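Just below is one structure, and these are the notes that go with it.
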There are 2 protein chains.
Amino acid sequence: MPDYAAIKKELEGIAVEDNPALVRQKSRDFFWYSPILKAQLENVTGDLVVSPTSEEEVIHTLRVAYAHGAPVTPRGAGTGNYGQAMPLSGGIILNLAGMDKIKSIQPGKVVCEPGVIIAQLDKQTKAHSGQELRFHPSTAQTATIGGFIAGGSGGVGSITWGGLRDLGNILRLRVVTMEAEPQVLDLTGWDLQKVSHAYGTNGIITEVEMPLAPAYDWVDVLVGYDDFMDAVRFSDALSHMNGLLLKEVAPVAAPIPYDYFTRHKPYLRDRGQSVVVIMIAPHAMDPFAAFVAQQKGEILFRSDMVESMKGIPHAYELAWNHTTLRALKVDPTFTYLQVQYPSPDHVAKVGKLVEIFGDEVPGHLEFIRFDAAIQCAGLPLVRYTSEARLEEIIRIHEDNGCPIFNPHRYTLEEGGMKQTDRTQLAFKQQTDPKGLLNPGKMIAWDNPDFDFNAGKNYLFPGLAAMGV
Amino acid sequence: MPDYAAIKKELEGIAVEDNPALVRQKSRDFFWYSPILKAQLENVTGDLVVSPTSEEEVIHTLRVAYAHGAPVTPRGAGTGNYGQAMPLSGGIILNLAGMDKIKSIQPGKVVCEPGVIIAQLDKQTKAHSGQELRFHPSTAQTATIGGFIAGGSGGVGSITWGGLRDLGNILRLRVVTMEAEPQVLDLTGWDLQKVSHAYGTNGIITEVEMPLAPAYDWVDVLVGYDDFMDAVRFSDALSHMNGLLLKEVAPVAAPIPYDYFTRHKPYLRDRGQSVVVIMIAPHAMDPFAAFVAQQKGEILFRSDMVESMKGIPHAYELAWNHTTLRALKVDPTFTYLQVQYPSPDHVAKVGKLVEIFGDEVPGHLEFIRFDAAIQCAGLPLVRYTSEARLEEIIRIHEDNGCPIFNPHRYTLEEGGMKQTDRTQLAFKQQTDPKGLLNPGKMIAWDNPDFDFNAGKNYLFPGLAAMGV
């Protein structure tokens with residue numbers, strides 16, 4: 001056990017919190033969306049929360065932690081869903097929310113610290129020069145840009161720009177290593193793959209450089225269909241229209257919209273309506289309306305036509321994991337999955353799974369651009385009955401050609417590609433020789449021989465040791 | 001024969017030119033790229049050039065022309081290649097270059113008159129609010145926006161935005177009809193298909209509303225490969241990178257770049273180098289360079305690294321029909337084709353045709369987005385020997401699954417889809433009952449029973465009557 005009293009002393013001048021209730025608060029994220037993670041991670045907590053406000057303070061914190069052998073788990077706003085920012089071995093929570101300076105805004109790019117809240121960043125870049133991030137999570141109002149890069153993959157805007165994994169969607173990351181004398185590295189190009197979506201397991205991000213897109217006063221639209229598959233086909237056709245500038249296209253199956261999109265409910269006819277949640281550029285509204293009419297869709301809601309948006313959430317707060325959140329808030333027996341429906345027959349794959357599961361797995365898709373092709377990802381809701389049935393639902397998806405990015409796992413590999421990321425592992429060997437950064441999240445580090453095909457879930461020994 | 005003296009008198013107050021040499025000058029475009037059109041259209045000339053400066057003057061001109069039964073052929077800068085603006089029945093050349101006012105610039109859109117020169121329009125919208133047109137032809141420095149809409153299809157920027165045919169890429173066109181009392185119609189949505197790319201056969205455009213994209217200081221890049229197919233594969237892979245903001249990707253086969261890109265020649269090693277002409281956003285240059293290195297390409301030229309761009313043409317002036325122009329200027333025995341290589345096996349199709357024709361048809365591709373998928377169009381050069389061989393080359397392309405948009409035809413149908421466009425025909429019946437607008441360009445008007453599959457070219461009777 002590291003000597004946290006000594007650590008605290010050596011960190012004098014940097015904000016440190018050791019009140020257990022407050023530390024516990026900062027040790028959590030939205031892991032409870034998953035009944036499985038909820039059971040596994042409920043008692044996880046750190047020992048100290050350290051809140052640096054500069055790169056120098058980060059360097060000093062890591063130097064001290066390294067000397068004492070204390071684990072360090074970085075954290076933005078804790079809006080992740082997989083325990084990304086939860087300290088499985090206890091130790092220091094490195095709260096980066098205070099590092100929130102915007103350093104420069106230029107045509108096409110912004111340089112800032114990792115703790116800036118995404119909506120604030122967009123507000124600043126828009127006011128400065130009519131620009132905004134290419135994409136953001138549905139949690140933009142609370143999430144930080146650093147947390148998004150370290151723990152996210154894409155979101156609102158991915159219909160145009162793809163994901164964070166795509167070369168060019170992150171321009172530069174500055175990271176501090178976890179060594180006796182921490183180094184500061186600027187990563188660009190292919191090197192960015194070493195640390196993006198690595199949950200902070202191999203370096204602490206202290207500065208980011210992100211590309212910007214033009215900001216518009218995006219119009220929120222809900223288009224209604226009586227049949228979910230009609231909504232899906234419409235969404236696919238819409239996403240293929242080169243000339244209509246979109247930011248979000250998400251079909252959501254009935255009865256989810258009527259039952260859980262409380263503020264939008266007055267615009268829906270009944271529980272039978274499936275809805276496509278859309279964000280589109282204002283100058284595309286005329287041709288878009290012509291397209292919807294041709295596709296026999298019903299425009300139920302347009303944010304540019306309502307008297308007031310007061311009390312009505314943004315469209316993107318009906319999408320991505322906010323769809324899940326809205327259902328869960330009303331009915332906690334829901335959980336969800338993350339599905340990929342590979343193109344070109346993604347629509348047929350969705351149809352097959354809708355047919356198999358019906359109302360047990362109400363559909364929710366997100367149309368995205370993937371290697372320049374339109375396809376869809378999905379975050380279907382699942383009426384949860386048991387872990388065994390959930391695993392079966394996953395298996396049936398995979399048997400039908402639809403890989404699952406499992407949101408009921410806390411490791412990088414099991415949630416993602418189900419294989420060792422050798423680039424991230426090699427970089428961790430170099431930047432975190434003691435394995436102190438966010439322990440338990442990279443299986444390859446703890447157990448290089450883990451067999452991803454054996455059908456067993458990984459249990460981090462450190463977590464087992466915590467008796468959870 | 002209409003009474004042009006009377007017409008001239010009735011047009012008093014509007015600029016009218018009847019000097020035969022000057023009228024002949026304004027009766028031509030770049031039809032001479034094609035040896036076939038050159039022979040057919042060489043002697044085409046109008047009777048009067050009328051240059052209105054307002055919609056009222058357009059209306060008055062059409063009213064007078066209608067009363068006298070005089071043909072009217074609208075014209076921008078005459079940068080088309082298919083005789084789009086050539087008056088096959090003589091009559092009035094309606095020169096719209098003087099209608100060049102920009103009326104409003106807003107976020108995402110611009111309203112202007114048809115005669116604005118495209119590069120001037122982009123300059124104004126960029127200065128106003130960092131915006132520019134989504135795409136433009138390689139003739140942007142001289143072509144007008146109205147001429148582009150009436151006679152073009154896409155160009156620089158189509159890798160991102162598709163083509164003019166795509167809903168949303170034109171927002172509104174205002175057209176004046178050719179009736180006893182001309183009407184003014186504002187067309188939006190699907191109605192735009194009635195008049196865009198109709199060569200002015202069914203209405204005169206007096207105002208356009210176009211969507212805008214963000215303007216960047218695009219970097220011109222030439223990437224070299226020793227094998228043309230390597231250049232093609234690189235171009236395809238590059239075009240699939242969601243995160244790299246491109247405006248132009250055009251592989252050009254050796255020895256065209258070395259032999260005809262005179263100002264860029266010093267940057268090439270030898271005649272054996274094929275080149276990919278690229279325009280890319282400045283903030284994408286770092287990741288782009290990483291990508292080129294991975295793809296074993298050689299960056300030969302970067303406009304952001306040269307000491308001065310003085311005397312060096314824009315990259316887009318090496319692409320689209322400027323590639324053809326540069327070759328033709330040095331070696332007038334060249335001509336060209338316009339080929340579509342449908343996805344997803346477009347690269348294999350290119351490879352097959354390169355194998356068949358070798359240096360007789362040096363490759364030149366333009367990567368574009370087509371219904372949200374990456375594919376390529378081509379404007380290969382052709383070492384012209386005879387009309388029979390040219391027809392054979394066309395047939396071999398079509399036999400290999402690559403439709404030809406024939407640039408050796410002056411009619412809408414034969415240059416394009418080889419079928420009647422019933423929308424445009426129906427609109428012409430309504431807006432030009434006497435058939436006076438740009439006669440001879442719409443086969444369906446003159447000969448509704450023309451058989452496009454009979455293998456015969458259409459000869460406009462009016463042109464036959466002119467003895468050409």
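The values are calculated or read from the model by the stated rules, or taken from the named source; none is laboratory data. All values derive from a computational prediction rather than experimental measurement. Counting neighbours? That spans all protein chains shown, and the Cβs are built from the backbone with ideal geometry, glycine included. SASA here: full protein model, heavy atoms, side chains in, ligands and nucleic acids out. Shrake-Rupley method; radii C 1.70, N 1.55, O 1.52, S 1.80 Å.
Per residue, the convex hull spanned by the Cα atoms of the stretch B:219-399 measures out at 108 cubic angstrom.
Taking only the Cα atoms of the stretch B:335-468, the radius of gyration and Dmax are 17.0, 50 Å. What residues does the stretch B:124-169 have that are buried by at least 10 Å² of accessible area in the full protein assembly compared to the chain on its own, 1.4 angstrom probe? Those are B:Arg134, B:Trp161, B:Asp166, B:Leu167, B:Gly168, which lose 10 Å² or more relative to the chain on its own.
For chain A, what does the helix formula give at 222 nm: sum of -39500 (n - 2.57) over DSSP H segments with n ≥ 4, over the residue count, nearest 500 deg cm²/dmol?
Taking each H run of at least 4 residues, the total per residue is -8500 deg cm²/dmol.
How many angstrom separate the Cα center of the stretch B:250-315 from the Cα center of the stretch A:220-271? If we compute the Cα centre of each part, the gap is 44 Å. Put simply, when B:187-196, B:441-450 are sorted by average Cβ atoms within 10 angstrom per residue, most first, you get B:187-196, B:441-450.
The contact residues of the stretch A:187-216, meaning those that lose at least 50 Å² of 1.4 Å-probe accessible area when all protein chains sit together rather than their chain alone, are A:Trp190, A:Tyr216. Packing, taken as the mean count of other beta carbons within 10 Å per residue, orders the peptides A:149-161, B:145-157, B:254-266 from highest to lowest as B:145-157, A:149-161, B:254-266.
Here is the interface size for A with B: some 2900 Å² of accessible area buried, both sides summed, with a 1.4 Å probe. Grab the beta carbon distance between A:Glu12 and A:Lys103, set R0 = 22 Å, and tell me the FRET efficiency rounded to 0.05. FRET efficiency, A:Glu12 to A:Lys103: 0.20. Taking label points 7 Å from Cα along the Cα-to-Cβ direction, B:Arg422 and A:Asp286 give a separation of 2.7 nm. Determine the distance separating the Cα centre of the stretch B:72-98 from the Cα centre of the stretch B:427-468; give it in Å without decimals. What the calculation gives is 16 Å, centre to centre.
Shape descriptor for the stretch B:1-97: Rg over Rh equals 0.98 (Cα atoms; Rh from the Kirkwood inverse mean 1/r).
Counting only protein heavy atoms and a 1.4 Å probe, chain B has 37 square angstrom of accessible area per residue. Full extension of the segment from B:Ala464 to B:Lys265, taken as 0.36 nm per residue of separation minus the current Cα-Cα distance, would add 67.2 nm. Using only side-chain charges placed at the Cβ, +1 for Lys and Arg and -1 for Asp and Glu, the dipole size of the stretch B:102-214 relative to its Cα centre rounds to 320 debye. Here the average projected area of the convex hull drawn through the C-alpha atoms of the protein assembly as shown stands at 40.3 nm². Between this copy and the others, label points of A:Gly272 are 7.1 nm apart in ascending order, each placed 7 angstrom from Cα in the Cβ direction.
Inter-copy label distances for A:Pro433: 9.2 nm (label point placed 7 Å from Cα along Cα→Cβ; shortest first). Taken one residue at a time, the phi angles of the stretch B:401-409 give Karplus couplings (6.51, -1.76, 1.60, θ = phi - 60°) of x, 10, x, 9, 9, 6, x, 10, 9 Hz. Gly and Pro are set to x.
Ellipsoid semi-axes for the stretch A:102-214, based on the Cα gyration tensor and the rule √(5λ), read 22, 15, 13 Å when sorted largest first. The apolar share of the surface of the protein assembly as shown, taken as the fraction of accessible area on carbon and sulfur atoms (1.4 Å probe, ligands and nucleic acids excluded), comes to 51 percent. Scanning chain A for the Cβ atom closest to the axis that brings A onto B yields residue and whole-Å distance A:Pro214, 2. Over all pairs of distinct alpha carbons, what does the Kirkwood formula give as the hydrodynamic radius of the stretch B:226-288, in Å? Evaluated on the stretch B:226-288, it is 12.4 Å. Projecting the Cα atoms of A:Leu365, A:Pro255, A:Pro342 onto the charge dipole of the stretch A:219-399 (Cβ charges, centred on the Cα centre) puts A:Pro255 farthest toward the positive pole. Expressed as a fraction of 2.2 N^0.38 Å, the value expected for a compact globular protein of N residues, the C-alpha radius of gyration of chain B is 0.97.
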